[in-house]
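Q: A single structure is presented below for examination.
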Amino acid sequence: MANPYLISRERFIPAPASAIFDVLATPALHSVIDGSGTVTGEQPNGPQRLSAGARFGMDMKIGAPYKILNIVVEFEEGKQIAWRHFSRHIWRYTLREHDGGTLVTEEWDARAVPAKPVLKLLGFTRKHPAAIERTLENLESYVVGQRNP
């Protein structure tokens with residue numbers, strides 16, 4: 001039985017892992033690729049490019065606007081990046097190059113969140129699969145578009 005607090009989707013993107021990772025490691029592009037419609041700011045607070053332990057703030061909106069502070073908790077250049085904020089759920093991207101492109105896995109990992117039932121009540125476990133699929137689609141469109149203007 002699948003764990004509702006670990007949601008994962010994959011997409012093959014016809015681009016090198018380095019190009020995809022550059023987008024994921026650039027907080028200013030998160031609003032461009034976001035498939036949930038919650039990331040609103042294009043000028044995040046923090047570094048222009050993420051690294052291990054980096055902190056960055058984002059403008060968000062779920063009903064009302066708010067700001068969130070994230071910290072990079074996993075970082076392997078060109079292969080994996082993940083961040084979390086105060087509620088402890090993690091957004092993780094893993095990249096595996098294959099012939100002609102990269103298999104990108106995006107995960108929402110809320111297994112360490114103390115108030116997991118609240119996430120379910122608010123609909124996150126129901127909405128995230130489609131939002132992740134849209135994010136991966138947006139990521140592909142952006143990366144391929146940058147490579148083939």
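The values are calculated or read from the model by the stated rules, or taken from the named source; none is laboratory data. As the structure is a computational prediction, the values presented were derived from the model and not from experiment. Using ideal geometry, Cβ is built from the backbone for each residue, glycine included, and neighbour counts are taken over all protein chains shown.
Q: Can you go through Gly100, Gly53 and tell me which one is modelled with pLDDT of 95 or more and either at positive phi or in contact with a Pro (Cβ under 7 Å, 6 or more places away or on another chain) (or both)? Explain how you work it out, then say what you get.
A: Details: Gly100 fails: modelled with pLDDT of 95 or more.
Residue meeting the stated conditions: Gly53.
Q: Hey, does the stretch 69-76 have a residue that's touching a helix residue (DSSP H, G or I) at 6+ places or on another chain (Cβ under 8 Å) and either over 19 Å from Ser8 (Cβ atoms) or hydrophobic (A, V, I, L, M, F, W, C) (or both)?
A: To start, the set of residues in the stretch 69-76 that are touching a helix residue (DSSP H, G or I) at 6+ places or on another chain (Cβ under 8 Å) comprises none.
No, the stretch 69-76 has no match at all.
The rows are residues; the columns are (1) touching a Gly at 6+ places or on another chain (Cβ under 8 Å); (2) outside any helix (DSSP H, G or I).
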{"residue": "Val113", "(1), (2)": "no, yes"}
{"residue": "Pro117", "(1), (2)": "no, no"}
{"residue": "Pro129", "(1), (2)": "no, no"}
{"residue": "Ile132", "(1), (2)": "yes, no"}
{"residue": "Glu137", "(1), (2)": "yes, no"}
{"residue": "Ser141", "(1), (2)": "no, no"}
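Q: Related question: Give just the number: which of (1) free of Cβ contacts under 8 Å to residues at least 40 places away in the same chain; (2) surrounded by 13 or more Cβ atoms within 10 Å (Cβ to Cβ) does Thr105 not satisfy?
A: Unmet condition: (1).
Q: Kindly indicate which of Pro44, Pro65 is closer than 22 Å to Arg134 by Cα, free of Cβ contacts under 8 Å to residues at least 60 places away in the same chain and crowded, with 18+ Cβ neighbours inside 10 Å. Show your work before the answer.
A: Values: Pro65 fails: crowded, with 18+ Cβ neighbours inside 10 Å.
Selected residue: Pro44, the only one of Pro44, Pro65 that is closer than 22 Å to Arg134 by Cα, free of Cβ contacts under 8 Å to residues at least 60 places away in the same chain and crowded, with 18+ Cβ neighbours inside 10 Å.
Q: Suppose we filter Ser18, Ser8 for residues that are of a type in the set (Gly, Ala, Ser), modelled with pLDDT of 95 or more and outside any helix (DSSP H, G or I); which single one remains? I'd like the intermediate steps shown before the answer.
A: On the way: Ser18 fails: outside any helix (DSSP H, G or I).
On inspection, the qualifying residue turns out to be Ser8.
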